[in-house]
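Note sheet for the following structure.
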Amino acid sequence: MYWLIVHKRMQETSDSPVETLLDSATLRAMANYQTYCASCHGEQMMAFADRQWKHGKERDSLVQSIADGYVDAGMPAWSAALTAQDIEEMADYILTGIEHVEKYGFEEITLSSDTFETEKLTFSLDTIVEGMDIPWGMTFLPSGELLVTEKKGILYLVDQEGNKTEVKGAPKVRFDSQGGLLDIVLHPDFETNHWLYISYSDIEEKDGETLSGTAINRYTWADNQLTEPVEIFKGKPYSKAQYHYGSKIVFDKDGYLFFTASDRANRDENPQTLTNPMGKIHRLKDDGSVPEDNPFVGQEDAVPSIYSYGHRNAQGLSIDPNTGSLWAHEHGPRGGDELNLIEPGKNYGWPVISYGINYDGTTFTNTLEKEGMEQPIHYWVPSIAPCGMTFVDSDKYPGWEGNILIGSLRFKYLNRVVVKGNQVISEEPLMKNIGRLRNVIQGPDGYIYVSVENPGYVFRLMPI
């Protein structure tokens, strides 16, 4: 039965409480949830549990809600279809989901020190730069100076004393809910060609409306300025939406440019079609031309730069330095954030399959798996709102080698993900309540750097 598949998926989630849920009462509750509840509340019960409980989340309140319903609000009474024991078991089952969600509630934690003891090592925070709002992208110049994009449209050059200077030549951006000046990376041969790449929300006025979309420009770095802009990508057609731009950028060892272009908050039209660039991961040459071996080159009406599709809002992209494989994470809706191993031509399912539900608690799909669509390597319920991503291959952090570090915007911590092969075997939240953690990179010096928002800081993690 399908609820057994759900049970299996829960077991595969390393931080799931399912290890304690193997008794027959829980299995009956899971089956009843799938039969009576999933059509409205979603197959993934823990996504449903991540909500504001209008009528109370205590056991007695849950029992009453299930038994008597709230008919005027669309919640039927189930006392005629379920026995009193069934209802009590259902309430207990939902409580496990609530407990799973609430363990992420770090708001009550107050940071009293800049030193953090973790499972493998202890480190302190070294402040590199402060005085920003939303530092989004980061990259180091060969000189050791740091370039930081400020979401509102400013690029800063930060010297080794922490002094920041605004860089001239940055593109005009649509600074709105999720738009602005986004990621920045150097060309692998930067010391020769002085090229760097910036992603941003491009702005366009058309027929009295403000439109925007994900764009990437290449610049030549000269005299501490951005010069000679070259258009690499424009995610057209642009839309009025103020959400879901992406956009992370990374080069592989062969000099190909990969980047994320999110679905622009139009899940019904964009992610599952190859005729537009939204909801995709793309692959280009460094001059913006399309590699001939891209998976959809030559396919009628397909955007030839598409490398993979079926993505929602991917704000993490990184290459495993040991294997060369491409990894990405993306925001789900309520629940269902995903970590994926990206392969050419694959469909990652959004929005046909998902472990999340709508923000208002309703469902948009009851399908978790479908032939021809990839399953995530890992997913998070509740959503942690992942942002930024890097592999650790430095010897400065003993025990972290090969781990993935991912920022959490929602729960304000750095997530250390332990991967074995293509499986996540454990996770450790670090620096709980440090702030909305926007980005994490490993610098050329081998140290880990993180940026947090409002107020905006960049910190270096210094092992002790």
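Couple of notes before you dig in:
- Taking other residues whose beta carbon is less than 11 angstrom from the beta carbon of Lys396, and scoring Lys, Arg as +1 and Asp, Glu as -1, yields -3.
- Gain on full extension, evaluated as 0.36 nm per residue between Glu117 and Lys206 minus their Cα-Cα distance, stands at 26.7 nm.
- Over the stretch 106-157, accessible surface divided per residue gives 45 Å², non-protein components excluded, 1.4 Å probe.
- In the context of the full set of protein chains, residues of the stretch 313-437 present 32 Å² of accessible surface per residue (probe radius 1.4 Å, heavy atoms only).
- Amide H partners (placed H, <5 Å) of Tyr70, local residues excluded: Met75
- Our summary of shape: the Cα atoms of the stretch 45-124 have principal axis extents of 58, 24, 19 Å, ordered from largest down, in whole angstrom.
- Sorting 322-334, 52-64 by their mean Cβ neighbour count within 10 Å, with the most densely packed peptide first, gives 322-334, 52-64.
- Proximal lysines relative to Lys152, as straight alpha-carbon distance under 28 Å, when same-chain residues fewer than 8 apart are discounted: Lys164, Lys168, Lys172, Lys206, Lys234, Lys236, Lys240, Lys248, Lys280, Lys412, Lys432
- Sequence ranges 291-300, 270-279, 395-404, ranked by mean other-Cβ count within 10 angstrom, highest first: 270-279, 395-404, 291-300
- Projected onto their three principal axes, the Cα atoms of the stretch 300-404 cover extents of 46, 38, 21 Å, largest first.
- Largest-first principal axis extents, alpha carbons of the stretch 105-169, Å: 42, 26, 17
- Ranked by how many other beta carbons lie within 10 Å on average, peptides 32-41, 363-372 from highest: 32-41, 363-372
- Between Asp393 and Arg28, the modelled label-to-label distance comes to 5.4 nm, taking each label 7 Å out from Cα in the direction of the beta carbon.
- Within the straight-line cut-off of under 19 Å between alpha carbons, the lysines reachable from Lys57 are Lys103, sequence neighbours fewer than 8 places apart in one chain being disregarded.
- For the stretch 232-390, radius of gyration divided by Kirkwood radius, i.e. Rg to Rh on alpha-carbons: 0.94
- Of every Cα-Cα pair in the stretch 369-464, the percent that sits beyond 15 Å: 62
- Compactness check for the chain: Cα Rg over 2.2 N^0.38 Å is 1.01.
- Net charge contributed by nearby residues that have their C-beta within less than 12 Å of Trp221 (K/R +1, D/E -1): -2
- Estimated [θ] at 222 nm from DSSP helical runs (n ≥ 4, -39500 (n - 2.57)) normalised by residues in the chain, nearest 500: -3500 deg cm²/dmol
- Value of Rg to Rh for the stretch 218-309, rounded to two decimals, is 1.00; Kirkwood radius and Rg both from alpha-carbon coordinates.
- Net charge in the neighbourhood of Phe140 (other residues with Cβ under 13 Å of its Cβ; Lys, Arg +1, Asp, Glu -1) is -3.
The values are calculated or read from the model by the stated rules, or taken from the named source; none is laboratory data. Model, not experiment: these values are computed from the prediction. Virtual Cβ from ideal backbone geometry, glycine too; neighbours counted across all protein chains shown. What goes into the accessible areas is simple: the full protein's heavy atoms, side chains included, and nothing from ligands, DNA or RNA. Shrake-Rupley method; radii C 1.70, N 1.55, O 1.52, S 1.80 Å.
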